[in-house]
Amino acid sequence: MLEVDKMLEKCGDFHRQQLIMLLLSSLISLLSSLHSLSYSITNTVPKHWCADGLGSGPPPPNADECKPFYTNSSTSGTCKKYNYEHYMGFQSFVSEMNWICDEKSKLSVGSSVFFAGCVIGNLVMGYFADRLGRVPMLVFANVMTILSNFLTIFGMSLELFCIYRFVIGLVFNSNFSIIRILLVEYMRPSLRTVCVNICYGLFLCLGMIISPWIAILTGSWRRFMLLEALPIIVVPFFFYFVPESVQWLISRQKYDEAIESLRRVAKTNGRQIDDSVYEEFIEDCKLSQQNTKTNPNLLHLFGMPRLRRTLLILLFEYFVFSFYKSIVTYRLSGVEISPFVLISLSVTALLPSSLTAIVLQDRIGRKTLAFTIVLIKCISVLVEGVVFLHYANRFAFRHDA
């Protein structure tokens, strides 16, 4: 049987079509960096203090203050107006909505709704990608992400804010993961690790580094969101440049469309292939499917000991990653540094980590590399906690003395 990879060798597995998809994957990585950081950027909490009872132009206090500086019997002690010291003049969503002090829990609600959308979206989007195709869901996910971010400009209530955050969570992972699946399928196997890590490590890292400074240049969270919405013009053209997954089409027994996708790749790459080659490929696919007794699904996965064990290991690994990320985010929230500088510095590790994966992944194997990464992260969190605890105790001792 002619495998898909063997068929792609005839159609071209590293030529113009693959370069186009590599370019589009890099573009989506740049857009994804804007989307993934938009919440952190627009919801930055600048230094703030209560303006009730203060004259014009008072100097900002050393720390945030939610209560009025001057109170008497006629005041309730609750602040009605706040002053802000904006980071580099950037007006955030939080400062405009005054979601601080007693209202700061609204941000936590929006964050929880977003992660709830991610949990549901990982299942729902995967299901529809298997039913409707990879390319339609790729376009849908990117359009919905851009549209939801744009509509946030007009959603000035907690309810609308949560709805938009939930929608973004639904499609958040799909808007950049689907294009990588397609890129891996159509790319030469020996170049898959290099190309995927270039898109992720270089372009995603570059986008995340410059995103805060793009926001600074716009000066307002509204203009930043509006700028994010502009790529919605080009996303629908992905239908024209990205072929549908051949493996998915064959699994759905859409043989004519599978041949059309292969012809499209061959034409773009300047290859001439006889019709008999396509026919032989499809006949082998039909024969293989006839010999398959059952259609595999998620429940079959749990019935296979090896796959079930692999799935549980992956779930544990993702749990460790999420736990690690939450700890780091919590630790960094107390660092007295501009959030825009902090964001740019925190993502610089993406590039060296991706270069490391390019060098080591095909040499030591995926399993060894994944285990090593998890081990290093756990040790880093442990060391970080000891260091923070040491300096916190020293600071407390000096303060008491």
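Worth pointing out:
- Start at zero, step by 10 Å, and the Cα-Cα distances of segment 143-234 spread as 15, 35, 33, 14, 3, 0 percent across the bins.
- Cβ-based exposure ranking for 279, 244, 9, in which fewest neighbours within 10 Å come first: 279, 9, 244
- Excluding same-chain neighbours fewer than eight residues apart, the lysines reachable from residue 254 by a Cα-Cα span under 16 Å are 286.
- At an R0 of 35 angstrom, the distance between the Cβ atoms of residue 308 and residue 3 translates into a FRET efficiency of 0.85.
- The slack between residue 160 and residue 337, meaning 0.36 nm per residue of separation minus the straight C-alpha distance, is 60.6 nm.
Every read-out reported here was derived from the displayed coordinates using simple, explicitly stated rules and does not represent laboratory data. Nothing here was measured: the structure is a model prediction, and the numbers come from that model. Cβ sites come from the backbone with ideal geometry, for glycine too, and all protein chains shown count toward neighbours.
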